Amino acid sequence: LIRQDIREFKENNDLDQVIVLWTANTERFSDVVAGVNDTAENLMRSIKENQAEVSPSTIFAVASILENCPYINGSPQNTFVPGCVDLAVQNNSFIAGDDFKSGQTKLKSVLMDFLVQAGLKPTSIVSYNHLGNNDGKNLSAPSQFRSKEISKSNVVDDVVASNEMIYGRGEHPDHVVVIKYVPAVGDSKRAMDEYSSDIFMGGKNTIVIHNTCEDSLLASPLIIDLVLLAELSTRLYYKTGGMTDYSRMHPVLSLLSYLLKAPMVPENAQVVNALFKQRACIENVLRALLGLQPENDMLMEQKLNPTIRKI
């Protein structure tokens with residue numbers, strides 16, 4: 001029925017392309033079970049058998065993949081279980097996720113990158129939120145909150161791994177995320193963060209931030225940008241010197257990472273959470289489409305002295 005709805009929507013509105021974006025409530029994390037959702041074949045069979053570990057969002061994703069419609073997961077649950085990713089790769093159909101990056105996590109990706117690159121060592125990050133909209137109510141359930149906790153926590157991982165002089169192998173800052181449902185505040189989310197860092201000569205540095213934001217209004221523009229970038233990606237083809245035919249981008253659209261908390265990347269690819277690196281990626285891809293060189297901020301032409309002096 002979902003596939004039929006997609007076809008009818010496309011036909012009735014005379015569309016060239018349909019893009020499906022999940023903005024519904026956060027689901028609980030699905031267990032990845034061998035024989036159930038670990039491969040495309042097993043996942044398809046499990047959908048027919050109505051297996052409990054196949055979530056509604058995964059069913060929508062599978063329908064979109066089979067209709068060759070890009071599917072974007074704007075919520076934090078693990079919609080893209082291995083079998084779903086496998087199916088997308090087999091069908092060369094675009095998928096992207098997870099979870100809109102609008103407020104606290106976006107700031108965290110900037111601040112963590114700044115602290116570590118400045119040579120400071122964040123030792124603890126404590127993030128507290130309360131909100132009163134339907135998202136907050138849904139996240140008051142422990143199983144749904146666990147999905148959000150995972151997507152919010154992963155944002156610091158690659159920044160920590162980027163500096164082995166500061167963090168030893170296996171070392172990681174304490175990272176706690178708390179979300180509470182307070183109906184009275186409605187969509188006006190309160191976010192409070194405390195960053196504690198080790199600094200020079202055994203010193204300590206603490207940054208405390210309070211942020212009040214309209215949760216839905218921050219997320220809504222992301223929907224537009226995600227759809228625009230996904231649609232552009234469907235029209236991108238490339239060919240290198242060793243290729244005889246043009247090819248599309250990888251089905252896992254990591255190009256959209258700038259807008260998502262827990263960005264998906266192709267297997268064995270590097271996850272980048274640093275916000276400005278994510279934005280630079282989009283800018284340089286767009287420059288490449290125009291035949292322009294990538295920006296690198298070196299500006300060497302402004303730093304050289306071409307005067308030749310006789311010695």
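Below are the figures for this structure:
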item: Whole-Å distance, taken between Cα centres, linking segment 210-272 and segment 26-84; result: 20
item: Ranking by accessible area, most exposed first, for Val156, Val110 with a 1.4 Å probe; result: Val110, Val156
item: Carbon/sulfur fraction of accessible area - the chain, other protein chains in place, 1.4 Å, %; result: 54
item: Options (i) 0.95; (ii) 1.02; (iii) 0.98 - which one matches Rg/Rh (Cα atoms, Kirkwood Rh) as calculated here; result: (ii)
item: Cut-off 17 Å (backbone N to label point 7 Å along Cα→Cβ of Ala34), residues of segment 83-111; result: 83
item: Where the chain is the region considered: accessible area per residue in Å², 1.4 Å probe; result: 55
item: At R0 = 51 Å, FRET efficiency that the Cβ-Cβ distance of Phe114 and Ala52 yields, to 0.05; result: 0.75
item: Kyte-Doolittle mean at least 0.5, axial Cα span of 18 Å or more - DSSP H helices of the chain; result: 215-233
item: Segment Ala269-Asn68, length gained on full extension (0.36 nm per residue, minus Cα span); result: 70.0 nm
item: Contour excess over end-to-end distance, with Cα ends at Tyr246 and Leu217 and 0.36 nm allotted per residue; result: 6.5 nm
item: Unsatisfied cross-links (Cα-Cα over 30 Å) in the set Lys108/Lys137; Lys189/Lys277; Lys10/Lys108; result: Lys10/Lys108
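The values are calculated or read from the model by the stated rules, or taken from the named source; none is laboratory data. Keep in mind the model is a prediction, meaning the values are calculated, not measured. All Cβ positions, glycine included, derive from the backbone under ideal geometry; neighbour counts span all protein chains shown. Just so you know, the surface numbers come from the protein's heavy atoms only, side chains and all, with ligands and any DNA or RNA stripped out. Shrake-Rupley method; radii C 1.70, N 1.55, O 1.52, S 1.80 Å.
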